[in-house]
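See structure below.
The values are calculated or read from the model by the stated rules, or taken from the named source; none is laboratory data. Here the structure is a predicted model, which is why all the values come from computation and not from measurement. Virtual Cβ from ideal backbone geometry, glycine too; neighbours counted across all protein chains shown. We work out accessible area using only protein heavy atoms, side chains counted, and drop any ligands, DNA or RNA first. Shrake-Rupley method; radii C 1.70, N 1.55, O 1.52, S 1.80 Å.
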Amino acid sequence: MECHRWIGARQWIIIFLLLAVSLSRLAPVCATWMYLGVASLAGSAPETVCSEVPGLVLAQQEVCQKNPESLFCISEGARRGILECQQQFKYERWNCTTSTNQKVFGPVLKKGTKETAFIYAILSAGVVHSVTQACSAGNLTDCSCDMSRYGEADVEGWKWGGCSDNVQYGLWFAKNFVDAPETIRHQDSRNIRNLMNLHNNEVGRRAVENLMRLRCRCHGVSGSCAVKTCWRGLPSFHEVGQALKDSYEKSVRLARRSPNQLRRKEKSKRRVPISYEELVYVHRSPNYCRHNPKRGILGTHGRVCNRTSHGSDSCDLLCCGRGYNTQVVRYVERCHCKFHWCCYVECKTCETMVDFHTCK
């Protein structure tokens with residue numbers, strides 16, 4: 001009898017261990033390369049990190065192994081994308097909520113909404129921006145700044161000089177790395193969601209390229225512009241974020257019955273081609289007003305709002321009609337400071353009362 005009990009117990013232990021191993025293998029499937037935006041790589045050897053980052057597909061691991069220092073650029077690009085997403089949506093009902101676990105954006109990415117479209121675009125743009133900067137700084141062995149037009153004269157009387165930011169390498173690298181998971185899935189089975197993700201990745205990349213700026217420096221006696229050398233430089237990443245936010249506002253909903261190509265849902269505009277300046281989505285956005293853990297939605301309860309605003313940060317819009325609480329906060333600070341010779345500073349104490357509004 002005792003022997004049978006031990007066999008039963010041993011079987012349960014084996015089953016438990018097998019389940020644990022299976023779950024540990026399945027866990028990374030939920031992760032993507034976006035996890036690099038919240039993971040800390042400080043003090044890590046790139047060669048080691050390549051095999052340890054969860055969610056990287058084979059093609060991404062190969063890119064990492066061939067150029068291991070690029071992983072830090074990808075991580076920085078993803079981080080820039082996440083921070084800019086939060087900056088652009090800080091006054092919206094969905095404020096680009098993230099977590100530090102492997103899913104990063106949680107269940108929000110399960111649906112092909114406008115918000116998902118923006119996430120893919122801004123993170124793809126972040127990788128282009130970061131890698132291009134790293135090339136110009138000499139931090140990557142496979143690229144440098146762009147000197148392809150150095151010394152050429154322009155019809156307007158200036159010459160190409162300096163060292164342009166090598167955005168072409170950044171675009172090539174980001175396409176190979178960021179598109180890899182979608183390209184693999186797209187080959188296995190044609191899926192409108194994969195096409196959507198690939199399109200939005202490209203929108204993000206082209207936003208960086210289209211915003212490249214011509215920068216010039218004058219040379220001459222007494223500050224004259226007798227000679228002018230020019231080069232192409234990256235825009236600030238905030239400019240890229242703003243351009244993609246504008247695309248988000250005008251994003252195009254797709255017809256779901258066309259898995260082989262992207263077509264507009266509006267029948268009257270079906271023949272109008274979709275440009276790479278337009279973000280695309282499949283599903284309508286959910287209600288971000290109420291807390292819904294299953295969908296990864298925090299709701300707007302407790303969010304700070306602006307009572308006098310008429311924009312997205314207004315208490316009417318942000319609080320979804322539920323009303324808001326007002327709290328008077330007293331701020332005490334040093335003010336009217338004067339420096340006395342020698343040698344001390346004398347200040348007064350000022351008190352201000354500020355109304356603080358939060359959504360119910």
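Miscellaneous remarks
- Qualifying residue in the stretch 251-271 (condition: modelled with pLDDT of 90 or more, under 20 Å from residue 165 (Cβ atoms) and touching a helix residue (DSSP H, G or I) at 6+ places or on another chain (Cβ under 7 Å)): no
This table checks each residue for (1) open to solvent by 100 Å² or more (accessible area, probe 1.4 Å); (2) at pLDDT 95 or above.
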| site | (1), (2) |
| --- | --- |
| 322 | no, no |
| 328 | no, no |
| 331 | yes, no |
| 334 | yes, no |
| 339 | yes, no |
| 343 | no, no |
| 350 | no, yes |
| 353 | yes, no |
| 356 | no, no |
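- Near pairs, Cβ below 8 angstrom, 6+ apart or cross-chain, from the stretch 162-179 (open to solvent by 30 Å² or more (accessible area, probe 1.4 Å)) to any residue that is assigned to a helix (DSSP H, G or I) and of a type in the set (D, E, K, R): 175/202; 175/205
- For the condition open to solvent by 10 Å² or more (accessible area, probe 1.4 Å) and in contact (Cβ under 8 Å) with a residue 24 or more places away in the chain, residue 61 does not qualify.
- Residue within the stretch 286-308 that is part of a strand (DSSP E or B), touching a strand residue (DSSP E or B) at 6+ places or on another chain (Cβ under 8 Å) and open to solvent by 50 Å² or more (accessible area, probe 1.4 Å) present: yes
- Screening 322, 330 for residues that are in a loop (DSSP other than H, G, I, E, B) and either without any contact (Cβ under 8 Å) to a residue 40 or more places away in the chain or of a type in the set (A, V, I, L, M) (or both) leaves exactly one candidate, 322.
- Residue selected from the stretch 266-285 under the condition surrounded by fewer than 17 Cβ atoms within 10 Å (Cβ to Cβ) and closer than 17 Å to residue 96 by Cα, by the criterion nearest to the chain's Cα centre (by Cα): 285
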